[in-house]
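*Asks:* This is the structure I want to talk about, given as C-alpha cells.
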Amino acid sequence: MGYEIERKFLVSGEYQSHAFHHYEMKQGYLSLSGISVIRVRVMGEKGYITVKGAVGEGSITRREWEYEIPLQDAEEMLLLCEESLIEKTRYLIRAGKHIFEVDEFRGENEGLLIAEVELESEEEPFERPDWLGPEVTGNVRYYNSYLSIHPFREWREQLS
C-alpha cells in the first residue's frame with residue numbers, strides 16, 4: 001500500500017527562475033467520491049492512473065497508488081472524465097533536500113499557483129523558499145479534484 005504525505009501552499013513570489021525542469025500536464029477524474037478519487041493524467045509523453053483515498057481528519061497522510069499506463073490509453077481515458085480537465089505546467093524546484101512541485105494552472109483555473117512538497121512524515125521539517133506563500137494544506141478548494149468541478153475562476157473573487 002502506498003501513502004502520500006503532502007503539504008500545499010499558494011505561491012507569492014517569482015519561482016520560475018529556480019526551476020530545474022518543467023513539463024505540461026493534463027488530468028481528469030474518472031471517479032470522485034467522498035472516500036476516493038481515480039485520476040488519469042498525461043505528464044509530458046507518459047500516462048498514469050492514480051487512486052487516492054480520503055485524507056483522515058487532522059492528518060495530511062492519504063493512501064495513494066499510481067501506475068504508469070500507455071500514453072494512448074491515458075489520452076482515451078481523459079475523454080471519459082466526469083468533469084472538466086485540469087491543465088497546468090508543473091515546475092520542479094529544489095529547496096534543501098526536498099523538491100517542490102509548483103503548478104501553474106491554465107484554462108478555467110488560470111491565475112492559480114500552487115506549490116506542493118511531499119514529506120516522509122507529517123512532522124518532517126523542510127526549507128521554505130522565499131516565494132512560498134500561505135499554507136492551504138487541507139483546504140479542499142485547492143485540491144485538483146475540487147478544481148475540476150469548481151474552477152478557480154468561479155471563486156477567485158472571494159479571496160479578495
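*Asks:* Would you point out the residue of the range 56-84, among those that are touching a Phe, Trp or Tyr at 6+ places or on another chain (Cβ under 9 Å) and not acidic (D, E), that is nearest to G111 (Cα to Cα)? Steps first, answer last, please.
*Replies:* So in the range 56-84, the residues touching a Phe, Trp or Tyr at 6+ places or on another chain (Cβ under 9 Å) come out as 61-64, 66-69, 74, 81-83.
Next, only the ones that are not acidic (D, E) stay: 61-63, 67, 69, 74, 81.
Numbers: T61: 27, R62: 27, R63: 29, Y67: 30, I69: 30, A74: 26, C81: 23 Å.
Checking each candidate, the answer is C81.
*Asks:* Another question, if that's okay. Mind listing whichever residues of the range 120-160 are of a type in the set (V, I, T), surrounded by fewer than 13 Cβ atoms within 10 Å (Cβ to Cβ) and in a loop (DSSP other than H, G, I, E, B)?
*Replies:* Scanning the range 120-160 gives no hits.
*Asks:* Further, regarding this structure: Would you please name the residue that is surrounded by the fewest Cβ atoms within 10 Å (Cβ to Cβ), looking only at residues in the range 98-118 that are assigned to a loop (DSSP other than H, G, I, E, B) and touching a Phe, Trp or Tyr at 6+ places or on another chain (Cβ under 7 Å)?
*Replies:* For the range 98-118, the residue satisfying everything is G111.
*Asks:* Condition first: aromatic (F, W, Y), out of contact with any Asp or Glu (no Cβ under 6 Å at 6 or more places or on another chain) and at pLDDT 95 or above. Can you find one or more residues in the range 3-15 that meet it?
*Replies:* yes
*Asks:* Hey, another quick one. Every residue in the range 33-59 that is surrounded by 16 or more Cβ atoms within 10 Å (Cβ to Cβ), among the hydrophobic types (A, V, I, L, M, F, W, C) and under 25 Å from E120 (Cβ atoms), please.
*Replies:* The answer is V37, M43, I49, V51, V55.
*Asks:* Further question on the same structure: Conditions: (1) more than 20 Å from R7 (Cβ to Cβ); (2) surrounded by 14 or more Cβ atoms within 10 Å (Cβ to Cβ). A95 meets all but one. Number of the miss?
*Replies:* In the conditions (1) more than 20 Å from R7 (Cβ to Cβ); (2) surrounded by 14 or more Cβ atoms within 10 Å (Cβ to Cβ), A95 misses (1) alone.
*Asks:* In addition: Any chance the range 71-87 includes a residue that's under 22 Å from N139 (Cβ atoms), in contact with an Asp or Glu (Cβ under 7 Å, 6 or more places away or on another chain) and assigned to a strand (DSSP E or B)?
*Replies:* No, the range 71-87 has no match at all.
*Asks:* Next question, about the same structure. Residue check: is I99 more than 21 Å from L147 (Cβ to Cβ) and either modelled with pLDDT of 95 or more or not small (G, A, S) (or both)? Working first, answer last.
*Replies:* Values: more than 21 Å from L147 (Cβ to Cβ): yes; either modelled with pLDDT of 95 or more or not small (G, A, S) (or both): yes.
Judged against the criteria, I99 is a match.
*Asks:* Among the residues of the range 88-117, which ones are in contact with an Asp or Glu (Cβ under 6 Å, 6 or more places away or on another chain) and among the charged types (D, E, K, R)?
*Replies:* K88, R90, E101, R106, E116, listed by residue number.
*Asks:* Just give me the residues in the range 52-78 being of a type in the set (A, V, I, L, M) and either at pLDDT below 95 or on the phi > 0 side of the Ramachandran plot (or both), in sequence order.
*Replies:* Within the range 52-78, A54, V55, I60 meet the criteria.
The values are calculated or read from the model by the stated rules, or taken from the named source; none is laboratory data. In this text, all values refer to a predicted model and were calculated from it rather than measured experimentally. Ideal geometry is used to build each Cβ from the backbone, glycine not excepted, and the neighbour counts take in all protein chains shown.
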